[in-house]
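Structure record follows, encoded as structure tokens.
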Amino acid sequence: MSNEKQQGRIVSISGPLIVAEDLPQAHMMEVVRIGNEKLFGEIIELHKNLVYIQCYEETTGLRPGETVTSSGVPLSVTLGPGIIGAIYDGVQRPLDTIYKSHGDYIARGIDVDPLDYSKKWDFHPLVKDGDIVKEGEKIGWVEETPTIKHYIMMPPGRSGTIESIQEGSFTVKEPVATVTEKGISQPVTMLQIWPVRTKRPFAKRIVPTQPLITGQRVIDMFFPVAEGGTACVPGPFGSGKTVIQHQLAKWASADMIVYVGCGERGNEMTDVLMEFPHLKDPKTGRSLMERTILIANTSNMPVAAREASVYSGITIAEYFRDMGYNVAIMADSTSRWAEAMREISGRLEEMPGEEGYPAYLSSRVAGFYERSGKVQTLGGSEGSLSVIGAVSPPGGDLSEPVVQATLRVVKVFWSLEASLAYARHFPAINWLNSYSLYSNLTDAYFKDTIDTLWPTYRIQAMSLLQKENELNEIVRLVGTDALSESEKLVMEISKSIREDFLHQNAFDDIDTFTSGRKQFYMIQNILSLYTESLLRIRAHKTLKVSDIMDLPVRASIARVKYQPEENIEKCNLTTHIKEALDKLTSTLEESND
Amino acid sequence: MIKEYKTLSDVAGPIIIVDGLDGCSYGELVEIFLPDGSVRHGEVLKAEEHKALVQMFEGTENLNIHSTRIRFSGKPSEIKLSPDIIGRVFSGLGKPIDDGEEIIAQEIRTTMGDPINPYARDYPSEFIQTGISGIDGLNTLVRGQKLPIFSGAGLPHNELALQIARQAKVLKKSDQFAVVFGAMGVTFDESNEFVSSLRESGAIERSVLFINLANDPVIERLAVPKYALTTAEYLAFDLGYHVLVILTDMTNYCEALREVSAARKEIPGRRGYPGYMYTDLATIYERCGRIKNKSGSITMMPILSMPDDDKTHPIPDLTGYITEGQIFVSRSLYAKGYYPAIDVLPSLSRLKDKGIGKDKTREDHPNLMNQLFSAYAHGREVQELAVILGESALSDIDQLYIRFADEFEQRYVKQNRREDRTITETLDLGWELLQILPETEMTRVRDEFIERYYRKGGR
């Protein structure tokens, strides 16, 4: 692509769509600066002498005849030390810097560096002079935060022999090494620039095997997502999509989190910004902000930048994956991204597909999720990128195009339901229609690390819930009296699974995160109450389910969720349960005698 | 750079095309002079080198291609601001309609409004006591929140909004408080209800009203929220007021949006509404909030009547995705005579968790709220079951739940139009009602609160 800068002129303006002429060297997807205010835009169509540009900023006040300057490069993100803990808009402009320089509102035509180019970083080499390095190989690192070592890699496409490399303090633009390739020696800096719409290269894809531990019981136990996997969370408004995304960003066992607030509420981003620095990463005990990057393109910010925001996010995530980290990206919400595509497509007067969305909607969605995965990087290490996308279907209707396009590519489906949310059952993930194609894969992991009974319990609990659903149909027709005692037990135990296990309060200090071990004890308590009670009900005809449910141990089972992780051994109530039931049956026998 | 033309070429619906231009800018304001001497206004929707597509605010009736003059102002729409605007009534385009004097501007602002930098926002966390239990206790409003009222034709949403405007206060504080009221396409009666109620309570002294009546130009409705919110931003972030913005009825706004979109021959999205309606609504709703180091705040309560009470209709649906919760007004509760008829189950305040609890309202509030929700939800479920099976087929505990649900609606949700309950009254009432249920059902409450509140019966 030519790096030559050219000047053309505006022909027409309609919202974010601008038509310009006299840019003969223009390339598709090239970044341009528009008008006297130098607004930021990207070329999206070429027609003979005319160039169609989507502008990432509000276009009010632009006039035909003003100039358009091309930059010669496609929309790219700037990658290097200083990126962690940042908050960017959809086209990687740092919002904190903009706040300091331009005040409370985002004015137009702002041009600020995505990274601090003046800050010096302590560079530690990993290779020495004379070493042969290939593309993507780590040549050194800087300690960006106490949690994350920021590895400096050979940029994709470059390899050769290290001519010189030195330890010391550098800015991101200063060379840290010189590499000779085919007789030409060129400097290597800590900075990489990568076009967002192109995926970063890797050596090969590997099958994911490890679950992404989230500390959310319904997810880890029933619908797990793998490191390098994909998941989607569709649900009507108010069903808690954002809370789930926030919970995953807080507690997921990834090394790095990229959180993309795509066309959502400003206050939600503020929430993350204010809360995360005070929260501790359960793995390292450090502030969560030290492993988080935020992309905030709220709903009132320009729609074209919203379209770009998910790409900016996933490119940054890929960059950390290439260092061999396990990265997770949360995109909230992909529906807003799809709507941005629809809006721009409409202005381009393209032939619409379903519900006005462009016909290429599903290929774009698939392309986005396919950038996930566990890979062997070019540098030879293993890294993973998990993608979790929220979907906001109109009216909660799962048959709409964005949900359907997403379901075709993702492997985990957490179906959020309004009726559960109304009953304040959170997370409002419906256990009957959600699914995860990773359960078998992750069962092996939990068997090794927690207990061999993990898969058995998972299946048993799920079949109880299924059975409850069937029994509910009967109850609706003829009432609870028609149920046998063992069926009543199924109803009560399922209720306990729902309320004491699946229900999890994100705003409670203790309940917000549950370790795998504690999850295991919790489900074990409930299921052992079931198994033990069932035995006794069969043996004693006079034993009533309601008597069992009145036992104080029942309340103890419910309260285990508020037991701190430090008291993990107190979470195992199986002996208490047996004792309580034995006591109950022995009093029954006495009264019978 | 003011320029005048007589080269009108097309007129269709509210859209006109002006030809032979010497250039114009996107979004600039246009004045249109009719042969009879009257003046109308418009805005450039598409700017080309020698042609402009202009959206007329007051409609295109009586327009004539040959004898109409069009003047391009060179500027987007603006509003004159000064502290004197408080207590005044304006048209949808910001012209005084209360026989008062023109505003002498201290400040002139464009009405578009730039997006607030998310980094500059301060998280809303100050509890607002509205005196209404259904809101304070279960769907708590906080300063800087946007909480719409989802209602339907014939329901008491206006009364509810007015009661909130009258009673809203922040505990232990005496701040400057103002109301900005934007009416879009409402009837004269409705508008009068607001104006006279604000006048009666003296609140008009600290209100600014923008009124577009049902027979005013449709397109003018699109300007109302922009003028109202630019005013609110000025009052809140320049003058330090805590502003409550009430916008009614957002349904009329969206229909106006659809009308313009259709006139522009755009590809329609769901039910004929334009594909950019989400973005358009977001640029209205997202203008409220709090800003770091600024004393004022903008809290917004848009009212929208759901066509056919259908919450999946695009207007409530897209609104719900942008706003921080919603208050549902229920037809069946209102039919029972339970004003304010808030249906607490589908209602939601997303920001409540940061506004309630220890040091905010009371330590037991979050647990109590969860318990009330789950008990009432279960009660309603059992009520439905009872309709099919008869109450006698229910277990003893479920019968208690039915009683709870009934009393909850009658005593907690229902209240007087003038009744201003304190938060303590609301919370105690909650515990009192939970007495109907046995202690074993208190699964959402921590032991310490059972001890401290449940066992004392809310006294």
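The values are calculated or read from the model by the stated rules, or taken from the named source; none is laboratory data. Remember, it's a predicted structure, so these values are computed and weren't measured experimentally. Cβ atoms come from the backbone with ideal geometry, glycine included; neighbour counts cover every protein chain shown. Heads up: the accessible areas ignore ligands, DNA and RNA and are worked out on the full protein's heavy atoms, side chains in. Shrake-Rupley method; radii C 1.70, N 1.55, O 1.52, S 1.80 Å.
General observations
- The residue that is farthest from A:H102 (Cα to Cα), counting only those in region B:82-133 that are within 14 Å of chain A (Cβ to nearest Cβ) and among the hydroxyl-bearing types (S, T, Y), is B:S125.
- Odd one out for B:V39 among (1) buried (at least 17 other Cβ atoms within 10 Å of the Cβ); (2) modelled with pLDDT under 90: (1)
- Considered as a group, the residues in region B:352-398 that are at the interface with chain A (Cβ under 7 Å from one of its Cβ atoms) and in contact (Cβ under 8 Å) with a residue 40 or more places away in the chain include one that is nearest to B:R455 (Cα to Cα), and that residue is B:N370.
- Residue-level check: of (1) modelled with pLDDT under 95; (2) surrounded by 18 or more Cβ atoms within 10 Å (Cβ to Cβ), A:L464 misses just (1).
- Residue in region B:150-161 that is modelled with pLDDT of 95 or more, in the same structural domain as B:S305 (by TED's automatic domain parsing), open to solvent by less than 10 Å² (accessible area, probe 1.4 Å) and over 20 Å from B:L198 (Cβ atoms) present: yes
- Count of region A:58-114 residues, restricted to those that are aromatic (F, W, Y) and surrounded by fewer than 23 Cβ atoms within 10 Å (Cβ to Cβ), is 2.
- Where B:K80 falls short, out of the listed (1) more than 30 Å from A:A20 (Cα to Cα); (2) open to solvent by 40 Å² or more (accessible area, probe 1.4 Å); (3) part of a loop (DSSP other than H, G, I, E, B); (4) not β-branched (V, I, T): (3)
- Just so you know, in region A:252-271 the residues that are within 12 Å of another protein chain (Cβ to nearest Cβ) and assigned to a loop (DSSP other than H, G, I, E, B) include one that is nearest to B:I291 (Cα to Cα), and it is A:R265.
- Check on A:K100, farther than 30 Å from B:G20 by Cα and either in contact (Cβ under 8 Å) with a residue 60 or more places away in the chain or touching a Ser or Thr at 6+ places or on another chain (Cβ under 9 Å) (or both): no
- In region A:469-486, residue farthest from A:S439 (Cα to Cα) [restricted to those that are free of Cβ contacts under 8 Å to residues at least 40 places away in the same chain and more than 14 Å from chain B (Cβ to nearest Cβ)]: A:S484
- Residue match in region B:269-285 (condition: modelled with pLDDT under 85 and of a type in the set (A, V, I, L, M)): no
- Matching residues, region A:290-321, being within 13 Å of chain B (Cβ to nearest Cβ), touching a residue at least 60 places away in the same chain (Cβ under 8 Å) and either out of contact with any Cys (no Cβ under 7 Å at 6 or more places or on another chain) or not hydrophobic (A, V, I, L, M, F, W, C) (or both): A:L294, A:I295, A:A296, A:N297, A:M301, A:P302, A:V303, A:A305, A:R306, A:E307, A:S309
- Residues satisfying the stated conditions in region B:21-36, i.e. surrounded by 19 or more Cβ atoms within 10 Å (Cβ to Cβ) and over 16 Å from B:T7 (Cβ atoms): B:S25, B:Y26, B:G27, B:E28, B:L29
- Enumerated helices (runs of 4 or more DSSP H) restricted to region A:503-593, each holding at least 2 residues that are among the acidic types (D, E): A:574-592
- For the criterion of being outside any loop (DSSP other than H, G, I, E, B) and at pLDDT 90 or above, B:D343 passes.
- Lone qualifier among A:E290, A:E268 - being more than 14 Å from the chain's Cα centre (by Cα), within 30 Å of A:I344 (Cα to Cα) and open to solvent by 10 Å² or more (accessible area, probe 1.4 Å): A:E268
- Matching residues in region B:318-340 - criterion: being within 9 Å of chain A (Cβ to nearest Cβ) and either assigned to a loop (DSSP other than H, G, I, E, B) or of a type in the set (S, T, N, Q) (or both): B:T319, B:T323, B:E324, B:Q326
- Evaluation of A:M274 against (1) in a helix (DSSP H, G or I); (2) under 27 Å from A:G140 (Cβ atoms) (one fails), failing number: (2)
- Selection from region B:389-416 of residues that are at pLDDT 90 or above, more than 18 Å from B:A377 (Cβ to Cβ) and open to solvent by 60 Å² or more (accessible area, probe 1.4 Å): B:K414, B:N416
- Residue check, B:A165 over 22 Å from B:T424 (Cβ atoms) and part of a helix (DSSP H, G or I): yes
- Evaluated against (1) under 30 Å from A:V272 (Cα atoms); (2) open to solvent by less than 60 Å² (accessible area, probe 1.4 Å); (3) modelled with pLDDT under 90; (4) assigned to a helix (DSSP H, G or I), A:V475 falls short on exactly one condition, (1).
- Restricting the first member to region B:88-102 and to residues that are free of Cβ contacts under 8 Å to residues at least 24 places away in the same chain, and the second to residues that are aromatic (F, W, Y), the beta-carbon pairs closer than 7 Å and six or more apart or on different chains are B:P96/B:F90.
- Residue check, A:V19 in a strand (DSSP E or B) and open to solvent by less than 10 Å² (accessible area, probe 1.4 Å): no
- Checking A:R197, A:R205 one by one, the residue that is open to solvent by 10 Å² or more (accessible area, probe 1.4 Å), in contact with a Lys or Arg (Cβ under 8 Å, 6 or more places away or on another chain) and in contact (Cβ under 8 Å) with a residue 40 or more places away in the chain is A:R205 and no other.
- Residue that is farthest from A:I344 (Cα to Cα), among those in region B:288-314 that are touching a strand residue (DSSP E or B) at 6+ places or on another chain (Cβ under 7 Å) and within 9 Å of another protein chain (Cβ to nearest Cβ): B:K292
- All conditions but one from (1) touching a residue at least 60 places away in the same chain (Cβ under 8 Å); (2) open to solvent by 10 Å² or more (accessible area, probe 1.4 Å); (3) farther than 21 Å from A:F237 by Cα apply to A:W431; the one that does not is (3).
- Test for B:L348: is it surrounded by fewer than 19 Cβ atoms within 10 Å (Cβ to Cβ) and within 7 Å of chain A (Cβ to nearest Cβ): no
- When residues in region A:170-184 are screened for being within 28 Å of A:P114 (Cβ to Cβ) and not hydrophobic (A, V, I, L, M, F, W, C), 6 of them pass.
- Tally, over region A:46-64, of residues that are assigned to a strand (DSSP E or B) and modelled with pLDDT under 90: 2
- Which listed residue, of B:L29, B:L34, is farther than 30 Å from A:I87 by Cβ and away from chain A (no Cβ under 14 Å): B:L34
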